[in-house]
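**Student:** Questions regarding the structure given below will be posed in turn.
The values are calculated or read from the model by the stated rules, or taken from the named source; none is laboratory data. A quick note: this is a predicted structure, and the numbers were derived from the prediction, not measured. Neighbour counts are summed over all protein chains in view; Cβ atoms, including those assigned to glycine, are modelled from backbone coordinates with ideal geometry.
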C-alpha cells in the first residue's frame, strides 16, 4: 500500500460529503474548501517526501540502462533492439518512419479496441465470477460439486484454449473476448471465494444473535466481509485480462495492441513494437489503478481503518 | 440441585438488596446434566460432563476456569452456536436444548459479546447498533437510528455515530457492542471473555461501565473469564469450573452489595473471596497444565 495517503479520503472529508445535501450553501462551500486544502496539503507532503524523487530516479536508471546498453555500448544481445531515443523520436514524430506514432489515428484505434475488449471481458468476468465465488464460499454443498471442476480447468492457460475458442465462436472478436474473460474469471472467482472463507465466524454468529435471517446474513455480513478480497481479485483480474488479451490478439484479430506488437515484429518495425509494449504498460497500469480507486471508494471503512494504522 | 458441590453454604437467593429480586426479571437459565462430547461417544473429547448450573435472573453470574476447560462450549450451547450431546438448558422455563432437540437457534433473547469483538467493521457505529431491531423488522430505519442514538448517548458514547469501528479504541468498541446487544432488550447477555485483549487500565474502565450498564438495565449477565479479580468484582455469583470435563467445582456467592466501585478491590472481604477462589482455581489449573491442555 504505497500510495495510502494519496488515495484514501479522510474521515472528515467523506463524512461531510455524506450529509452535504442537508448542509446549507455556505456549509457546502467551506466543506469543499476544506477538501481542497486537504488535497493541497497532501500533495505538498508528497513533494516534500523523498518518494517522488526516488520514483524519478528509478525511471532514470531504467532508461539509462536501456540507453547505454543499446546505443552506447551496443551489447551483442541488444543489437536488434531499438534504443530509447529511437523509440521516443518515432513515437513523437508527426511523420513516423514506420507509419505509426502518437500523431496517427490508427494508434488510438489500437488502444481503443484493446481497451474495449478488456472492459467487456472484465465486466463479464466480474458479473459472473463474484456471484459464483460468493456462492462457493457460502454453500459447502455447492462447493463440493463445483470446485473440483473449477480447479481442474483453472490451470489450463488461455493460450491452450485458443483453438477451441476459434472453433466455438464466430468471427474474431468473440474468441478474443472469451479468452480474455477466462483468466479474469478464475482470478475473480477464486479470490471472492477465499474472501468469504476469510470472514471471522464471530461476525456471522453476531448477526444471527441479533436476529438476522440467513439471507440477511448473506447481504449484511458475507458480501461486505468478502469485499477486500473481491477487490484484490479484481485487480489481479484486470492484470491477467491484459495478459491473455495480448496472447489472443497475437493469434487472431485485426486491431489491438497485441496485434500491433505482433505485426510490427513480422514486418521488422521494431520501434513500433516497443511503442506498443510501453503503451500496454501504461494502459494496464491505468486500468488497475482505476479498479483500486473504485475499491477504496466503495470500502471507506477499510480505507479509514488502514489510514488509522490498520489496527484490526 | 443436590448435585451441585457448593462449599459455601448460601441459599439460592443470598442476602442482597431485596428490591432487585422483586421485579419479574427475565433471563433465568437452568443448565441440567449437560454433556458435550466432541467426536464419537466412546473416543471423543469430553468438554463438558454432567454440568448443572443456575443463572438467576437479574444477576451477574461469572464462570471462571482454566483455559480450554470448556466454559466457552457451555456458552456456545446457550447461545445456540453448538449442539450439546445430552442434558437440558432452559431459559425462563422454556427449553432451549433438551431431549429431541439438542441445539437452540441463536436469537436476540440471548446475545453474545465476543472475545475479539464482533462489531461489523463495514458498518458505522450507528448502523451497527441499530442493526438488530432493523433486520428483525421491529423498527424502521429511522426509528432504529433514533433509538440507537438515544442508547449511545445514555451510555456516554456520543459523537461516534458516523465513525467506523476501526476508527475508535478497542475499549470503546466493547462498550458499543454491549449497547448493540441491549438495543434488542435481550433476556440475557452472554459475555465470552470480552475484556481479555484489553490492557488492565482500560479493563478497569470497562468494568465500571459494565456495572453501570447493569445497574441501569438490570439485565441478566453470564460472564466468562479467567481473570479472578474481574470475576469477583463483577459477579453476584462466581462459578469455578473444573478442568476438562467442565462442571462447577465450587459456587461462590459474592456478598458485596451492588452498585460496586473500585474501592471494593481493597476491602478485606474482597481479598478473602479472592484467596478462596485462587485456591480452588489453582488446583484445577495445575491439573489442566499436567494434562497439557492446549491454550485456546
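**Student:** Return yes or no: is residue A:179 part of a helix (DSSP H, G or I), over 30 Å from residue B:184 (Cα atoms) and under 23 Å from the mean Cα position of the chain (by Cα)?
**Tutor:** yes
Residue by residue, here is whether (1) in contact with a helix residue (DSSP H, G or I) (Cβ under 7 Å, 6 or more places away or on another chain); (2) within 14 Å of chain B (Cβ to nearest Cβ) holds:
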site	(1), (2)
A:165	yes, no
A:172	no, no
A:178	yes, no
A:183	yes, no
A:191	yes, no
A:200	no, yes
A:206	no, yes
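**Student:** Quick check on this structure: which one of A:87, A:70 is assigned to a helix (DSSP H, G or I), over 30 Å from residue A:307 (Cα atoms) and touching a residue at least 60 places away in the same chain (Cβ under 8 Å)?
**Tutor:** Values: A:70 fails: touching a residue at least 60 places away in the same chain (Cβ under 8 Å).
After ruling out the rest, the residue left standing is A:87.
**Student:** Any residue at all in the range B:128-140 that is surrounded by 21 or more Cβ atoms within 10 Å (Cβ to Cβ), part of a loop (DSSP other than H, G, I, E, B), within 9 Å of another protein chain (Cβ to nearest Cβ) and within 22 Å of the chain's Cα centre (by Cα)?
**Tutor:** So far as the range B:128-140 goes, no, none of its residues is surrounded by 21 or more Cβ atoms within 10 Å (Cβ to Cβ), part of a loop (DSSP other than H, G, I, E, B), within 9 Å of another protein chain (Cβ to nearest Cβ) and within 22 Å of the chain's Cα centre (by Cα).
**Student:** Taking into account only those residues within the range B:193-228 that are over 17 Å from residue B:179 (Cα atoms) and assigned to a strand (DSSP E or B), which is farthest from the chain's Cα centre (by Cα)?
**Tutor:** Going through the qualifying residues, I end up with B:225.
**Student:** From the list A:253, A:310, exactly one residue is modelled with pLDDT under 90, within 14 Å of chain B (Cβ to nearest Cβ), at positive phi and out of contact with any strand residue (DSSP E or B) (no Cβ under 6 Å at 6 or more places or on another chain). Which is it? Steps first, answer last, please.
**Tutor:** Numbers: A:253 fails: within 14 Å of chain B (Cβ to nearest Cβ).
Sole residue among the options that is modelled with pLDDT under 90, within 14 Å of chain B (Cβ to nearest Cβ), at positive phi and out of contact with any strand residue (DSSP E or B) (no Cβ under 6 Å at 6 or more places or on another chain): A:310.
**Student:** To continue, here is another question. Which one of A:236, A:275 is more than 26 Å from residue A:108 (Cβ to Cβ), touching a residue at least 24 places away in the same chain (Cβ under 8 Å) and surrounded by 17 or more Cβ atoms within 10 Å (Cβ to Cβ)? Don't jump to the end; show me each part of the working.
**Tutor:** Numbers: A:275 fails: more than 26 Å from residue A:108 (Cβ to Cβ).
Step by step, each of A:236, A:275 is checked, and only A:236 is more than 26 Å from residue A:108 (Cβ to Cβ), touching a residue at least 24 places away in the same chain (Cβ under 8 Å) and surrounded by 17 or more Cβ atoms within 10 Å (Cβ to Cβ).
**Student:** Give the number of residues within the range B:115-126 that are surrounded by fewer than 21 Cβ atoms within 10 Å (Cβ to Cβ) and part of a helix (DSSP H, G or I).
**Tutor:** Summing the residues that are surrounded by fewer than 21 Cβ atoms within 10 Å (Cβ to Cβ) and part of a helix (DSSP H, G or I) in the range B:115-126 gives 1.
**Student:** Specify the residue that is nearest to the chain's Cα centre (by Cα); the eligible residues are those in the range B:89-102 that are farther than 21 Å from residue B:219 by Cβ and surrounded by 18 or more Cβ atoms within 10 Å (Cβ to Cβ).
**Tutor:** Here is the first cut: in the range B:89-102, the ones farther than 21 Å from residue B:219 by Cβ are B:95, B:97-102.
Subsequent filtering for residues that are surrounded by 18 or more Cβ atoms within 10 Å (Cβ to Cβ) retains B:97, B:102.
Numbers: B:97: 18, B:102: 21 Å.
Of everything passing the filter in the range B:89-102, B:97 is nearest to the chain's Cα centre (by Cα).
**Student:** Could you tell me whether the range B:77-89 includes any residue that is closer than 18 Å to residue A:201 by Cβ, part of a strand (DSSP E or B), within 14 Å of chain A (Cβ to nearest Cβ) and in contact with a helix residue (DSSP H, G or I) (Cβ under 7 Å, 6 or more places away or on another chain)? If you could, list the steps in order and put the result at the bottom.
**Tutor:** Taking the range B:77-89 first, the residues closer than 18 Å to residue A:201 by Cβ are B:77-83.
From the residues that got through so far, the ones that are part of a strand (DSSP E or B) too are none.
No - not one qualifying residue is present in the range B:77-89.
**Student:** I'm told residue A:226 meets every condition in (1) in contact (Cβ under 8 Å) with a residue 12 or more places away in the chain; (2) crowded, with 22+ Cβ neighbours inside 10 Å; (3) in a loop (DSSP other than H, G, I, E, B) except one. Can you identify the failing condition by its number?
**Tutor:** Every condition holds for residue A:226 apart from (3).
**Student:** So for the range A:94-106 (the condition being assigned to a helix (DSSP H, G or I) and either out of contact with any strand residue (DSSP E or B) (no Cβ under 6 Å at 6 or more places or on another chain) or exposed (fewer than 13 other Cβ atoms within 10 Å of the Cβ) (or both)), does at least one residue qualify? Can you show your working first?
**Tutor:** Of all residues in the range A:94-106, those assigned to a helix (DSSP H, G or I) come to A:105-106.
Still in the running and either out of contact with any strand residue (DSSP E or B) (no Cβ under 6 Å at 6 or more places or on another chain) or exposed (fewer than 13 other Cβ atoms within 10 Å of the Cβ) (or both): A:105-106.
Yes, some residue in the range A:94-106 is assigned to a helix (DSSP H, G or I) and either out of contact with any strand residue (DSSP E or B) (no Cβ under 6 Å at 6 or more places or on another chain) or exposed (fewer than 13 other Cβ atoms within 10 Å of the Cβ) (or both).
**Student:** Determine whether residue A:215 is more than 23 Å from residue B:108 (Cα to Cα) and either out of contact with any strand residue (DSSP E or B) (no Cβ under 7 Å at 6 or more places or on another chain) or surrounded by 13 or more Cβ atoms within 10 Å (Cβ to Cβ) (or both). Walk me through it before giving the result.
**Tutor:** On the way: more than 23 Å from residue B:108 (Cα to Cα): no; either out of contact with any strand residue (DSSP E or B) (no Cβ under 7 Å at 6 or more places or on another chain) or surrounded by 13 or more Cβ atoms within 10 Å (Cβ to Cβ) (or both): yes.
So residue A:215 fails the test.
**Student:** Something else about it: If a residue has to be in contact (Cβ under 8 Å) with a residue 24 or more places away in the chain and assigned to a loop (DSSP other than H, G, I, E, B) to count, how many in the range B:238-255 make the cut? First the steps, then the outcome.
**Tutor:** Here is the first cut: in the range B:238-255, the ones in contact (Cβ under 8 Å) with a residue 24 or more places away in the chain are B:238-253, B:255.
Next cut, assigned to a loop (DSSP other than H, G, I, E, B) only: B:242-245, B:247, B:255.
Residues in the range B:238-255 being in contact (Cβ under 8 Å) with a residue 24 or more places away in the chain and assigned to a loop (DSSP other than H, G, I, E, B): 6 in total.
**Student:** Filter the range B:103-127 down to the residues that are within 22 Å of the chain's Cα centre (by Cα) and within 7 Å of another protein chain (Cβ to nearest Cβ) and list them by number. Can you show your working first?
**Tutor:** Filtering the range B:103-127 for residues within 22 Å of the chain's Cα centre (by Cα) gives B:103-120.
Of everything in the range B:103-127, those that are within 22 Å of the chain's Cα centre (by Cα) and within 7 Å of another protein chain (Cβ to nearest Cβ) turn out to be B:106, B:107, B:108, B:111, B:112, B:114, B:116, B:118, B:120.
**Student:** Would it be correct to say that residue A:303 is in contact with a helix residue (DSSP H, G or I) (Cβ under 7 Å, 6 or more places away or on another chain), more than 14 Å from every other protein chain (Cβ to nearest Cβ) and in a helix (DSSP H, G or I)? If you could, list the steps in order and put the result at the bottom.
**Tutor:** Working: in contact with a helix residue (DSSP H, G or I) (Cβ under 7 Å, 6 or more places away or on another chain): yes; more than 14 Å from every other protein chain (Cβ to nearest Cβ): no; in a helix (DSSP H, G or I): yes.
No.
**Student:** In addition: Which residues, counting only those in the range B:152-172, are in a loop (DSSP other than H, G, I, E, B), under 24 Å from the mean Cα position of the chain (by Cα) and more than 10 Å from chain A (Cβ to nearest Cβ)?
**Tutor:** Within the range B:152-172, the first condition is being in a loop (DSSP other than H, G, I, E, B), and the residues that meet it are B:155-164, B:168-169.
Applying the additional criterion that residues be under 24 Å from the mean Cα position of the chain (by Cα) yields B:155-157, B:168-169.
Answer for the range B:152-172, where residues must be in a loop (DSSP other than H, G, I, E, B), under 24 Å from the mean Cα position of the chain (by Cα) and more than 10 Å from chain A (Cβ to nearest Cβ): B:155, B:156, B:157.
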